[in-house]
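The next block holds one structure in the form of structure tokens; read it before the comments.
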Amino acid sequence: MDPSNSLIVLTNIAVILLLGILCSLLSKKLRISNILILILLGIILGRLDYNGEPLFFFSPSFLVGISILALVMIVFDGSSRFRLKEVNILSVSALKIILLFMLFSAVSITYFTSKLFFETITIQNILFSIIFAVIIIGTDPGSVFVMLKDFVSPRAKKVFGLLQIEAIINTPLVVILPFLILDIINNLELGQDDFVSSFIAQIPAFLAQIVVGIGAGVVIGLIVFKTMQKVYSHEFSPVGIITAALLAYILAENLHGNGVLGVATLGLLFGNLYVKEKLQLQEFSYMLSNALEILVFVLVGLMIKFPLTLSFFFKSSFLFFLLVLSRAASVFIILRREDYSFKEKLFIALNMPKGIAVAVVAFTFLLYEVEQMRIILNLLLVFMIYSLILSSIIDRFSKKFIRVDVKSPVAQDLPHPKLKNHDEIRARA
């Protein structure tokens, strides 16, 4: 590689990180999602050119690598903060919401995406529309916690706990299912199978990815964390955490499993097993994931250039309205007998920001040079913006939906003196 090209890439990364930090500070002042500001920054940078050439450019393989590293660290950091008993209590409701939401989205969004954005309704176009419908059920509640105070009521802990667990569960689905559907599309184009045969053939592969992913996370976790229960090194233990997360992802993917599930399983083990200086290690993983997050969300706005036309915004807004209706119906149906008030259900229904999982899939799709994929990428980016705007507005009025106590610490059951500082950073990120 030409040294001058390497210097340009490093300069671009440095400039993006600097602008990203400034925008994140601005988002705190404005009390809105930093992800929304970062994406808008990327859109602006992506439309700048010099002598007819883009001012910022990165190869697709570099983008995919950075986004996967960010996904690994963010999933690990998020899942490591859960207690298994809390996951067991709320995971059933979260899973039901996800499945029903996916069903409603697959029906309504698929039909209208094919009708509004594809010229003809064919099996391939319908399958591409299903890919889009599956991806946009993904949620990233961590991106909208900017409105939370350091102290919340038990009701708020329950509501946000459900949203967090939903994000952990739906992230593997968002990452797995689109590529299984792409395999079906490839088989149809090659004429190897008909639709039904190709679909049935993917079911064992889907189940195998789940089992292998969880198994890889358990194996790596038991080996690494059993060692870290006895030994702690200020220099090497943080590096060991990163290495363990990457190993869990790589092992699962090489065994044809799901790497995201492997990392999530590893994080759950880390959060629920005794490990020396766990809080310091969590702080390190958070800081690293935060830096990668800045880079990824600026880049996703930079690389995907959706059309700035009234027709595109009108059609995409209509699709997003259908998505909101689908989610609201799912939440109110599943939680109708649960201990949630009407306002809390509405808060859950309207909080569906798109985050790192959607960005990773979008970067991977940049490698596919087909017209349908370009349309999906445009819609994914604009849906990320719509969802983040909606969630920021809802979070702005969160006290209208959820009762908040001023003197009830979120982490009162974890009295470590440094935990409050960490939660303060996490809540305001």
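For this structure, a couple of remarks:
- Filter pass, Phe318 being more than 23 Å from Phe160 (Cα to Cα), free of Cβ contacts under 8 Å to residues at least 24 places away in the same chain, aromatic (Phe, Trp, Tyr) and assigned to a helix (DSSP H, G or I): no
- Contact map, the range 351-368: residues that are under 11 Å from Ser61 (Cα atoms) paired with residues that are hydroxyl-bearing (Ser, Thr, Tyr), Cβ distance under 7 Å, separation 6+ or inter-chain. Pairs shown: Phe363/Ser67.
- Set side by side, the residues Ala329, Ala357 differ, and just one is within 19 Å of Leu162 (Cα to Cα), among the small types (Gly, Ala, Ser), more than 19 Å from the chain's Cα centre (by Cα) and in a helix (DSSP H, G or I), which is Ala329.
- Lone unmet requirement of (1) modelled with pLDDT of 85 or more; (2) under 19 Å from the mean Cα position of the chain (by Cα) for Phe104: (2)
- Pairs with Cβ under 9 Å, 6+ apart, first in the range 334-347 and under 16 Å from Val324 (Cβ atoms), second in a loop (DSSP other than H, G, I, E, B) and acidic (Asp, Glu): Lys345/Glu338
- The number of residues in the range 91-101 that are crowded, with 20+ Cβ neighbours inside 10 Å and either at pLDDT below 90 or in contact with a Phe, Trp or Tyr (Cβ under 8 Å, 6 or more places away or on another chain) (or both) comes to 1.
- Of all residues in the range 216-264 being loosely packed, with under 13 Cβ neighbours inside 10 Å and at pLDDT 85 or above, the one that is nearest to Asn170 (Cα to Cα): Asn254
- Qualifying residue in the range 44-58 (condition: over 30 Å from Leu390 (Cβ atoms), assigned to a loop (DSSP other than H, G, I, E, B), among the aliphatic types (A, V, I, L, M) and more than 22 Å from the chain's Cα centre (by Cα)): yes
- Long-range neighbours under 7 Å by Cβ, at least six apart or interchain, first residue over 20 Å from Ile385 (Cα atoms) within the range 117-142, second of a type in the set (A, V, I, L, M, F, W, C) and part of a loop (DSSP other than H, G, I, E, B): Asn125/Phe118
- Residues located in the range 123-181, provided they are part of a helix (DSSP H, G or I), modelled with pLDDT under 75 and of a type in the set (S, T, N, Q): Ser143
- Filtering the range 332-354 to residues that are more than 15 Å from Leu95 (Cα to Cα) and in a helix (DSSP H, G or I) leaves Phe342, Lys343, Glu344, Lys345, Leu346, Phe347, Leu350.
The values are calculated or read from the model by the stated rules, or taken from the named source; none is laboratory data. As the structure is a computational prediction, the values presented were derived from the model and not from experiment. All Cβ positions, glycine included, derive from the backbone under ideal geometry; neighbour counts span all protein chains shown.
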